[in-house]
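Since the structure comes first, as structure tokens, the remarks are kept for the end.
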Amino acid sequence: MGSGKSRCPPGPWPARIVVPVGQGWREVTSEVLRVSDCAFCRIGRGEIDDDLVAYRSENVFVVPALKQRQNNPGHALVLPVSHVTGLYDVPVDLLHEIFEVTARVTSAVKDAYGAVGSTVTQNNYIPGQVLHHVHVHVVPRFEDDGFRMPDPQSCEAPWDVRRARAVALRKALPGGRRPPGSC
């Protein structure tokens, strides 16, 4: 209990929260806060980190995960552009597209990183989850990689490493639009 983190999952109600804005404070609902401050939404809208986007369609995008495993380089996330927090809330047509792109990424990691296969996972409101935006993990697998979940050895990869992994995956994913402004 001493961690300062709430152990309650987000409810179906929008809670009222006071947040710092510039030099003052503003009251917003939890839903407004989640959508406006969601890093995945900002990437999906093309506001930040365009160079990290390996694939983008109108509804789905793919980026390298922030935390990378030393023995499993190329861990990627497949996400909807729209802010959806639970897999059970994703409209069926969007769910289909997310998993169609996921299947393509599982194939592309072989060419991009020399993986022999992949592990695919998706989490809903797990303890310690920071960003509540639906995403599917694709972890490239290699012979004798010692894969464990969770992996206490995973660490934040530098931006340039994630960009290089995005470029490699982008080349291996045919048919995806390149992010605006990329080479």
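The values are calculated or read from the model by the stated rules, or taken from the named source; none is laboratory data. If you're wondering where the values come from, they're calculated on a predicted model, not measured in any experiment. With ideal geometry, Cβ positions are generated from the backbone for all residues, glycine too; neighbour counts draw on all protein chains shown. Calculation scope for accessible area: heavy atoms of the full protein, side chains included, ligands and nucleic acids excluded. Shrake-Rupley method; radii C 1.70, N 1.55, O 1.52, S 1.80 Å.
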Condition set surrounded by 12 or more Cβ atoms within 10 Å (Cβ to Cβ) and not hydrophobic (A, V, I, L, M, F, W, C), scope segment 130-147, selection farthest from residue 86 (Cα to Cα): answer is 145
Scanning segment 31-72 for residues that are closer than 30 Å to residue 145 by Cβ, among the polar types (S, T, N, Q) and not in a loop (DSSP other than H, G, I, E, B), the one modelled with the lowest pLDDT turns out to be 68
Return yes when residue 134 is more than 19 Å from residue 167 (Cβ to Cβ), in contact (Cβ under 8 Å) with a residue 12 or more places away in the chain, not acidic (Asp, Glu) and not in a helix (DSSP H, G or I) and no when it is not.
yes
All-but-one check, residue 93 against (1) farther than 25 Å from residue 171 by Cα; (2) in contact (Cβ under 8 Å) with a residue 24 or more places away in the chain; (3) of a type in the set (Asp, Glu), failing number (2)
Looking across segment 153-177 at residues that are open to solvent by 40 Å² or more (accessible area, probe 1.4 Å) and not in a helix (DSSP H, G or I), the single one that is modelled with the lowest pLDDT is 177
Residues of segment 71-83 being in contact with a Leu (Cβ under 8 Å, 6 or more places away or on another chain) and either closer than 22 Å to residue 139 by Cβ or of a type in the set (Asp, Glu) (or both), in sequence order, are 74, 76, 80
